[in-house]
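Trainee: Pasting a structure here, questions to come.
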Amino acid sequence: MGFYADLLQILDSTLRLSTPLLFACLAGLFSERAGIFDIGLEGKMLIAAMASGAVAALTGTVWMGLGAGILASLCLAAIHGVASITFRGNQLISGVALNFLASGITVLVAQRLFGQGGRTPALSGDARFGEIVLPLTETLRPVPVIGPFYADVISGHALLVYVALLCVPLTWWVLFGTRFGLRLRAVGENPGAVDTAGVSVIRMRYTAVLITGILCGFAGAYMATALQAGFGKEMTAGRGYIALAALIFAKWRPWAALWACLLFGFFQALALRPDVVENVLTVKVPVPALDALPYVLTVLVLAGFVGKAIPPRAGGEAYVKER
Amino acid sequence: MTTNPAIELRGISKAFGPVQANSDINLRVERGTIHGIIGENGAGKSTLMSILYGFYKADAGEILIGGQPVAIPDSQAAIRAGIGMVFQHFKLVQNFTVLENVVLGAEDGALLRPSLAKARKLLADLARDYELEVDPDEVIEELSVGHQQRVEILKALYRQADILILDEPTGVLTPAEADHLFRILRGLKEQGKTVVLITHKLREIMEITDAVSVMRRGEMVATVTTAETSPEQLAELMVGRKVLLRVDKTPAVPGRTVLEVENLRVSDADGVERVKGISFSIRAGEILGIAGVAGNGQSQLLEVLGGISPATGTVRVNGDAIDLSGRHSNGQTRRARGIAHVPEDRQHLGLIMDFMAWENVIFGYHNDPAYQKNRLIMDNAGIVREAQAKMKRFDVRPPIPTLQAKSFSGGNQQKIVLARELERAPDLLLVGQPTRGVDIGAIEFIHQRLIELRDAGKAVLLVSVELDEILSLSDRIAVMFDGRIMGERDPAATNERELGLLMAGIAGEGAAA
Amino acid sequence: MTKLPNWADIVLVPLVSLLFAAIISALVLLAIGQDPVAAMNVMVTGALGSPYGWGYTLYYTTSFIFTGLAVTVSFNARLFNIGGEGQAQMGGLGVALVLLSLPVWPHWTVALVAAALGAAAFGAAWAAIPAYLQARRGSHIVITTIMFNYIAAAVIVYMLVDVLRPPRQMEPASARFPEGAALPTLHDIPGLSLIFTREVPANVTLFIALVAAFLVWVLLWRTRLGYQIRAFGQSEPAARYAGIDPFRTIMITMLISGGLAGLMAVNNVMGEAEKLVQNSSEGAGFIGIAVALMGRNHPFGVLVAAFLFGFLYQGGAELGLWTTIPIEMRIVVQGLVILFTGALDVMVRMLLARLFFRKPPPEVAVAARERA
């Protein structure tokens, strides 16, 4: 019994912790499928977390916070677009720069607004996303195994958790079922084909980058208004990079992205419960080792020990018209 | 009553910085004809057509389509004006299906499924009408080059193009595929479409066009009716003076065997076999020309011999076997064996475009003790001096060793590569497409140098897709098709037709008859 | 052609980029209700107004020279080593393990040589794995080095908490380094002690950094290895054609790069902290990226840029001390400098070209650049 309860608790945290990864991972998917590398997911999440935490605290409304988060993230996305699409700058360097910019700006603004050493005030009530209890939770609870699983793992999350999960089929449909998706995928594979077909490469890529901004906005807002109750310095703690790793792991496919993010979320959940890991493995595992696990796994994935990842062919290169 | 021409260009000019790519171009293309545009590389043909397709904006001039002045700021506008274009390098998404590629940019609505269904039907009709059969569900990367080209034509027709522009369409095709293409183009003409064919091959112009315009150094020098002209006249118009298609040379005096290749097999990164067990040899003092349509294994052959990629089989140079596994050898060890290599793609292999000329003059030979001041430091000043001397001897203009490679013209870049590779008097010279993108004056210079090297008793392996070049330089000709050598011919006893059949994979004396 | 003259490209472009970063920084300060001019005054006084300030500025400069050189070497082979931070931290671990291995050191020069070897070896080793994965398995080095930064942080925490922490000490840090391992600071050097009249963190490592910069220049532009590194960076296919082994080039380049990043630990861990603490490099590895970009990937440019960032860091710390501007302001400036010098360089060039040539429309400038 004790083990099953622990497992449920870990799976519950898995879902919570996977959500920002999933938003950011799908965000990266749109950008990279359109041929724009984005290692600035981290910065966009961070600035969105700050903006949403701050605005939610000031207005007392989580929805205003969410909007502000998306807007802030969009601003960084737009800069990335200008640098890498219009001015054909180095996309990796632009991403690095924006991550630093976000890291500094968030503290400056939070300090200016609240004077609490770069954090935003603790949120409560309507300023946070509350937990949603799904229908039938109590009815099903007595059912063995499935009941507690439904009640403790599936039910009882913030709205954004379910939104993130819904974004997976939505992304899949947009990518493979619509005109927009066809053009988006084409522009990441061969922008020349899109251009000569009379579709603007620039506009497609900007659209993709802005979608990335919106989804990162969700990721950041979730961090500050649902996962935690407010913004803290560097609160994203490398999640943008883990999301990037999940994207590679998933080979730029939406459904695989879901599984990759759940896996990495699971590792993060494990790191929170070293006691459970110790019980199961019967040896003491140092906490830093658990912390490092997602990164180590990502390196193994990148090394091709777990399948080969082939990125979109035109990724990372600015489009220059040529005959 | 004369109808309005399909295309009329008036006073089109376009400059890239100080380079005038097009100056004051006037052109009339009559409706329902096949109109050729011919000129050397760099004559401005492609720039002109790119302006017509909205890729570049002209600095001055006017475009009329069907008698109406139109502005073509982008490809969308060109498509609306009824212009379709088949680029030299296909604009296809490699991992999309034929259907997806055709539909891309011309979808009917926000949802994909109805568009694809409609396109499938239309495509079947077009395929029937114009001999343009392709499986609509095949992925592009699985298709042959000829079929990919059909997809490009289908794309244009699907967009209801009345005017079809093809840029060097036969460069990657076998003669048989080219013939099929020409049948398609004639079919289009019969349906009232207008075709503009850009090429530098006189034979094609004579075979299929109704009228031909000749471009030279950014200017339109003449437009003539094909039936009233001759290849000689067109060639003269193209280059501005009489050209020597034949190179003066004495008969070869072959000596000992320098290169022996036996059962050489090469697979590419995807595991596809590109060279399928070929054998040949070259003796000192002779040039073996390898003819073939691009992409039939010639590039891989050069790369293997140059030590860039691994292979299986046996290769002996001066009687000693060389390592083909790539584990104990590379470009450095090949050079130490007296093999020099002028690569097909000088901009991506032969030169570092951002390096200065003097740095490029030692590229690949940078470990030579002569270039070192001591065990650690290179003798940069000495290298600059030597580079300058070499550049002067090879007539590189300007002979300034501190200029970056990218600031030289194509011909002068090639001369820098040749200066580096030829002046070391190698036993074996590998040379690929020596005159691609090189102006006519430099071609003569380069050809003479290759003959001189042969006459100095060196072995030369020449790979070229230009049959003229192969015929005029080689002492023996081998034709490659699909990774195999289809046959060897004596240049004095063969002709373009026979070689063309071999290039198309039709083997043997019997089949040629 | 609308190409800028060489001198403008080398001098003017970074200067104008810097100007942009400065203007935006000033706007940021105004936006948070601060006075940029007053802030600048505090920074100049704090960083350059006294020998004490100079002592800190030069101390930061030393660290940034090492990490800037590390990125410069890898950039020249077109390998974007973002792992300088992790490599510098591992270099610190190397310093600590070497110095703690003896109970007492006979002389600081002996300790310096030993610690430097340890720092370089650990830094290089930490770069070697991403390098190997890039060279043999094609794993994108940008992503792997980022991951290795996080893994390094975890390793250091583990070492400090479970291995190196002396019994009964709460703080996750190693023991103090033994006697004889302290490096002379600028205050301890005869002659310089007349200027630096009291203890400053800048130490003899500064001179090692200057020598390292000179050696990197010799390496890149005067040796065969440097020639091969640069050729490989410009074009891998061409390097293969010339018989330059990609595997060997990637490995050697990254070992040198990681070694240089690791060497930074001699300055901060051995020269200043005299023990290993958590997050010892304090982001200097990342600043190396900005320094290399600003210095146009040239060792001498790196010296100038490192000093600039040394000023920014010391000045920024002073801001944190004496004003209500958070110390994170310097991260903002750092981000802006990277943005303008590394990602918006084309924009800066286009603006300058317009000034130089008056009329060429932007599309021509870019087209010309792309064609070139």
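The values are calculated or read from the model by the stated rules, or taken from the named source; none is laboratory data. This one's a predicted model, so the numbers in the text were calculated from it and none came from an experiment. No Cβ is skipped: glycine too gets one built from the backbone with ideal geometry, and neighbour counts run over all protein chains shown. Note: accessible area is taken over every heavy atom of the protein model, side chains too, but ligands, DNA and RNA are not part of it. Shrake-Rupley method; radii C 1.70, N 1.55, O 1.52, S 1.80 Å.
Trainee: Threshold 10 Å², probe 1.4 Å: give the residues of segment B:95-123, in number order, that are less accessible with all protein chains present than with their chain alone.
Mentor: For segment B:95-123, once contacts with the other chains are taken into account, B:N95, B:F96, B:E100, B:L104, B:G105, B:E107, B:G109, B:A110, B:L111, B:L112 lose 10 Å² or more.
Trainee: Counting each DSSP H run of 4 or more residues in chain C as -39500 (n - 2.57), what helix-only mean residue ellipticity at 222 nm follows after dividing by all residues, to the nearest 500 deg cm²/dmol?
Mentor: -22000 deg cm²/dmol
Trainee: If I take R0 = 35 Å and measure r between the Cβ atoms of B:Q88 and B:R375 in this structure, what FRET efficiency does the formula 1/(1 + (r/R0)^6) give, to the nearest 0.05?
Mentor: The formula returns an efficiency of 0.10 here.
Trainee: Average partner chain C-beta neighbours within 10 Å, per residue of C:323-335?
Mentor: For peptide C:323-335, the averaged partner shielding equals 6.
Trainee: What accessible area, summed over both chains, is buried at the B-C interface (1.4 Å probe, Å², nearest 100)?
Mentor: 2500 Å²
Trainee: Rounded, prolate or oblate: which one fits the protein assembly as shown, using the alpha carbon gyration tensor with axes a ≥ b ≥ c (rounded when a/c is under 1.5, else prolate when a/b beats b/c, else oblate)?
Mentor: Prolate, because a/c is 1.5 or more and a/b exceeds b/c.
Trainee: Kindly sort C:W126, C:W322, A:W173, C:W108 by accessible area of their heavy atoms, largest first, with the probe set to 1.4 Å.
Mentor: Final ranking, largest accessible area leading: C:W322, A:W173, C:W108, C:W126.
Trainee: Could you give me the ³J(HN,Hα) list for segment A:169-183, computed from phi with Karplus coefficients 6.51, -1.76, 1.60 and θ = phi - 60°, whole Hz, x at Gly and Pro?
Mentor: Computed from phi, the couplings for segment A:169-183 are x, 4, 4, 4, 5, 4, 5, 10, x, 10, 4, 4, x, 4, 5 Hz.
Trainee: Probe of 1.4 angstrom, ligands and nucleic acids ignored: what's the accessible area per residue over segment A:171-323, in square angstrom?
Mentor: Values: 5740 Å² over 153 residues.
Ligands and nucleic acids excluded, the figure is 38 Å² per residue.
Trainee: Here's something else I'd like to know. Carbon and sulfur together cover what percent of the accessible area of segment C:37-99 at a 1.4 Å probe radius? Walk me through the numbers on the way to the answer.
Mentor: Numbers: 1050 of 1520 Å².
Whole-percent figure for carbon plus sulfur exposure: 69.
Trainee: If you don't mind, there's one more thing I want to ask. Relative to the longest principal Cα axis of chain A, at what angle does helix A:2-33 sit, 0 to 90 degrees, rounded to 10?
Mentor: So the helix axis and the longest Cα principal axis differ by about 10 degrees.
Trainee: In addition: Set the Förster radius R0 to 56 Å, insert the Cβ-Cβ distance between B:R203 and A:K251 as r into 1/(1 + (r/R0)^6), and round the FRET efficiency to 0.05.
Mentor: Numbers: r = 47 Å, r/R0 = 0.84.
After rounding to 0.05, the efficiency reads 0.75.
Trainee: Would you mind checking A:K284/C:K275; B:K14/B:K193; A:K251/B:K91 for any pair whose Cα atoms are more than 26 angstrom apart?
Mentor: The pairs that break the limit, which is 26 Å between Cα atoms, are A:K284/C:K275; B:K14/B:K193.
Trainee: Please compute the per residue accessible area over segment C:35-323 with all protein chains in place, 1.4 Å probe, rounded to a whole number of Å².
Mentor: 36 Å²
Trainee: Within the set of other residues whose C-beta is less than 10 Å from the C-beta of B:Q404, count the net charge using Lys and Arg as +1 and Asp and Glu as -1.
Mentor: -1
Trainee: Would you mind counting up the charge near B:I12? Only other residues with Cβ under 12 Å from its Cβ, with Lys and Arg at +1 and Asp and Glu at -1.
Mentor: Numbers: positive: B:R10, B:K14, B:K57; negative: B:E8, B:D24, B:D59, B:E62, B:E219.
Result for the local shell: -2.
Trainee: Separate question: How far apart, in nm, are two points set 7 Å out from the Cα along the Cα-to-Cβ line at B:V253 and at A:V285?
Mentor: Label at B:V253, label at A:V285, 8.0 nm between them.
Trainee: Could you tell me whether chain A comes out rounded, prolate or oblate from its Cα gyration tensor? Rule is a ≥ b ≥ c as square roots of the eigenvalues, rounded for a/c under 1.5, then prolate if a/b exceeds b/c, otherwise oblate.
Mentor: prolate
Trainee: When the helix-only estimate is applied to chain A (DSSP H runs of n ≥ 4, each -39,500 (n - 2.57), divided by the residue count), what is the mean residue ellipticity at 222 nm, nearest 500 deg cm²/dmol?
Mentor: On the way: 13 runs with 211 residues, N = 323.
So the helix-based figure for chain A works out to -21500 deg cm²/dmol.
Trainee: Chains C and A: how much accessible area gets covered up at their contact, both sides added, probe 1.4 Å, in Å² to the nearest hundred? Write down the numbers at each step before the final one.
Mentor: Working: alone 17540 and 14950 Å², together 28820 Å².
Its buried surface, counting both partners, is about 3700 Å².
Trainee: Hey, what number do you get for chain B at 222 nm if only DSSP H runs of n ≥ 4 count, each worth -39500 (n - 2.57), divided across all residues, to the nearest 500? Please report the intermediate quantities before stating the final value.
Mentor: On the way: 17 runs with 167 residues, N = 513.
Value at 222 nm, helices only: -9500 deg cm²/dmol.
Trainee: Let me know the charge dipole size of segment C:35-323 about its Cα centre in debye, to the nearest 20, where only the beta-carbon of Lys, Arg (+1) and Asp, Glu (-1) is charged.
Mentor: 960 debye
Trainee: Over chain B, what percent of the accessible surface lies on carbon and sulfur atoms, probe 1.4 Å? Before the final figure, lay out each step's value.
Mentor: Values: 10410 of 21190 Å².
Solvent-exposed carbon and sulfur of chain B make up 49 percent of the total.
Trainee: Give the accessible area for B:T402 in Å² (nearest 10); use a 1.4 Å probe, count only protein heavy atoms, and leave out ligands, DNA and RNA.
Mentor: Probe radius 1.4 Å; accessible area of B:T402 about 80 Å².
Trainee: Sticking with this structure for a sec: List every residue whose amide H lies under 5 Å from the amide H of B:Q372, counting only residues 5 or more places away in sequence or on a different chain, with H placed 1.01 Å from N in the peptide plane.
Mentor: Under 5 Å from the amide H of B:Q372: B:D379.
Trainee: Would you please put B:472-483, B:263-274, A:180-191 in order of how densely packed they are, using the mean number of other Cβ atoms within 10 angstrom per residue and starting with the highest?
Mentor: Details: B:472-483: 22.2, B:263-274: 14.2, A:180-191: 24.6.
Descending mean neighbour count gives A:180-191, B:472-483, B:263-274.
Trainee: Ignoring ligands, DNA and RNA, how much accessible area is buried between chains A and B, both sides summed, with a 1.4 Å probe, to the nearest 100 Å²?
Mentor: Interface area, both chains combined: 2300 Å², rounded to the nearest 100.
Trainee: Right, another one. Considering every residue in C:217-223, what mean count of other chain Cβ atoms within 10 Å of its Cβ is obtained?
Mentor: Per-residue shielding by partner chains comes out at 2.
Trainee: A follow-up question, please. Could you check the simple spin-label distance between B:R10 and B:R183, using points 7 Å along Cα→Cβ, in nm with one decimal?
Mentor: Computed distance between label sites B:R10 and B:R183 equals 4.2 nm.
Trainee: State the percentage of accessible surface on segment A:240-292 attributable to carbon and sulfur atoms; use a 1.4 Å probe and exclude ligands, DNA and RNA.
Mentor: Of the solvent-accessible surface of segment A:240-292, carbon and sulfur hold 68 percent.
Trainee: Leaving out ligands and nucleic acids, note down the accessible area per residue over segment B:7-239 with a 1.4 angstrom probe, in whole Å².
Mentor: With all protein chains present, segment B:7-239 gives 40 Å² per residue.
Trainee: With just the Cα atoms defining each centre, how far is segment A:172-234 from segment B:130-146? Give it in Å.
Mentor: Result: 31 Å between the Cα centres.
Trainee: So, one more: If I model a spin label at B:R316 and B:R393 as a point 7 Å from the Cα along the Cα→Cβ vector, what separation in nanometres do I get?
Mentor: Inter-label distance under the simple model: 3.2 nm.
Trainee: Quote the accessible area belonging to B:E107 in square angstrom, nearest 10, computed with a 1.4 Å probe and with ligands, DNA and RNA left uncounted.
Mentor: Roughly 20 Å² of B:E107 is accessible to a 1.4 Å probe.
Trainee: Now for a separate question. Would you please give the residues with an amide H less than 5 Å from that of A:L134, counting only those at least 5 places away or on a separate chain, with H modeled from the backbone geometry?
Mentor: Residues meeting the criterion, in which the H sits 1.01 Å from N, are A:G156.
Trainee: With charges set only on the Cβ (+1 for Lys and Arg, -1 for Asp and Glu), what does the dipole of segment B:7-239 come to about its Cα centre, in debye to the nearest 20?
Mentor: 540 debye
Trainee: Still on this structure, please answer the following. Given axes a ≥ b ≥ c from the Cα gyration tensor, I'd like to know whether segment C:145-254 is rounded (a/c under 1.5), prolate (a/b larger than b/c) or oblate.
Mentor: oblate
Trainee: Continuing with this model, one more query. Based on Cβ point charges of +1 for Lys and Arg and -1 for Asp and Glu, what charge dipole magnitude is obtained for the protein assembly as shown about its Cα centre, in debye rounded to the nearest 20?
Mentor: Values: 103 positive and 103 negative charges, 285 e Å.
Taking the Cα centre of the protein assembly as shown as origin, the dipole is about 1360 debye.
Trainee: Report which residues of segment A:183-205 become buried by 30 Å² or more of accessible surface when going from the isolated chain to the complete set of protein chains (1.4 Å probe; DNA, RNA and ligands ignored).
Mentor: At a threshold of 30 Å² (probe 1.4 Å), the residues of segment A:183-205 that become less exposed are A:R183, A:R185, A:A186, A:E189, A:N190, A:A193, A:T196, A:A197, A:G198.
Trainee: Can you pull the mean other chain C-beta count within 10 Å for peptide A:293-300? Working shown, then result.
Mentor: On the way: counts 2, 3, 10, 5, 1, 7, 10, 3.
Whole-number average of other-chain Cβ neighbours for A:293-300 is 5.
Trainee: With a cut-off of 8 Å between alpha carbons and a minimum separation of six or more residues, what is the relative contact order of chain B in percent?
Mentor: Once normalised by length, the contact order is 14 percent.
Trainee: Moving to a separate point now. Got a sec? Which residues of segment A:263-291 lose 50 Å² or more of accessible surface with every protein chain in place, vs. that chain alone, 1.4 Å probe?
Mentor: A:P288
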